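The values are calculated or read from the model by the stated rules, or taken from the named source; none is laboratory data. Just so it is clear, the structure is predicted and the values come from calculations on it, not from any experiment. Neighbour counts are summed over all protein chains in view; Cβ atoms, including those assigned to glycine, are modelled from backbone coordinates with ideal geometry.
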Amino acid sequence: MKKVFLPFLITCLIFSSVIAQNRMRMGKDSKPLQRIEQWEKIKLIEVLGLNEDTAVRFFARRNENQKKMKDILDQRDGMIQNLEDGIRGSSQISEAAYKEQVNNFLFIESNILKERENFLRSLSDLLTPKQIAILIVFESRFRKEVRETLMNRFKPQDRD
């Protein structure tokens, strides 16, 4: 029964995540991103050794955290756009206004770190300290590998 239920559960998790993320992201480039996210989830279940119940609870919490992080990052992107517009614009912005914008930016950056910390601390009832450490290492390596793969993919090929 477990052999049938676990793949079914994983498929349901992936499917529900894809649907939720489709609502959040619109655009033609979302399919490759979805495949990467699906692969990441499968690998996370594997490397963390999650059972069905823990996997459901972990991904629910992780999805909630990702929504919060998206909101904060969108806020930060808007602030960067405002800074860029001010720098490029012909209007004179006072040094005090720049100082205030930089302080607001630093506040948002600290919120990003606080949210990450809150998420990791919230996992203590689901994961062991070792599993949390594995998660931290996995996410760091996964992002690095994706970034390197994308950079190599779009790097001009040497032609002899």
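Of all residues being over 18 Å from the mean Cα position of the chain (by Cα) and farther than 17 Å from Arg141 by Cα in segment 25-55, which is modelled with the lowest pLDDT? Just the residue, please. Step by step, filter segment 25-55, then rank; the result is Lys28. Residues of segment 26-84 being farther than 30 Å from Val102 by Cα and of a type in the set (Gly, Ala, Ser), which ones? Within segment 26-84, Gly27, Ser30, Gly49, Ala55, Ala60 meet the criteria. For Leu83, all conditions in the list (1) under 24 Å from Trp39 (Cα atoms); (2) in a helix (DSSP H, G or I); (3) among the aliphatic types (A, V, I, L, M); (4) touching a residue at least 12 places away in the same chain (Cβ under 8 Å) hold save one; what is the number of the exception? Among (1) under 24 Å from Trp39 (Cα atoms); (2) in a helix (DSSP H, G or I); (3) among the aliphatic types (A, V, I, L, M); (4) touching a residue at least 12 places away in the same chain (Cβ under 8 Å), Leu83 violates only (1). The set of residues in segment 122-160 being surrounded by 10 or more Cβ atoms within 10 Å (Cβ to Cβ) and farther than 14 Å from Val47 by Cα consists of Ser122, Leu123, Ser124, Leu126, Arg143, Lys144, Glu145, Val146, Arg147, Glu148, Thr149, Leu150.
Looking only at segment 76-92, which residues are surrounded by 13 or more Cβ atoms within 10 Å (Cβ to Cβ) and either modelled with pLDDT of 95 or more or small (Gly, Ala, Ser) (or both)? If the condition is that a residue be surrounded by 13 or more Cβ atoms within 10 Å (Cβ to Cβ) and either modelled with pLDDT of 95 or more or small (Gly, Ala, Ser) (or both), then Arg76, Gly86 are the ones that fit. Close contacts from segment 127-142, counting a first residue that is farther than 12 Å from Leu50 by Cα and in contact (Cβ under 8 Å) with a residue 24 or more places away in the chain and a second that is in a helix (DSSP H, G or I) and of a type in the set (D, E, K, R), with Cβ to Cβ under 7 Å and a gap of 6+ residues or different chains, come to Phe142/Glu40. Which residue pairs have Cβ atoms closer than 8 Å, lie 6 or more positions apart in sequence or on different chains, and pair a first residue in segment 54-77 that is in contact (Cβ under 8 Å) with a residue 24 or more places away in the chain and small (Gly, Ala, Ser) with a second residue that is part of a helix (DSSP H, G or I) and surrounded by 15 or more Cβ atoms within 10 Å (Cβ to Cβ)? What qualifies is Ala55/Leu9; Ala55/Ile10; Ala55/Leu13; Ala55/Ile45.
Only residues that are at pLDDT 90 or above, over 25 Å from Arg35 (Cβ atoms) and either in contact with a Phe, Trp or Tyr (Cβ under 6 Å, 6 or more places away or on another chain) or not polar (S, T, N, Q) (or both) were counted in segment 117-160, giving 11.
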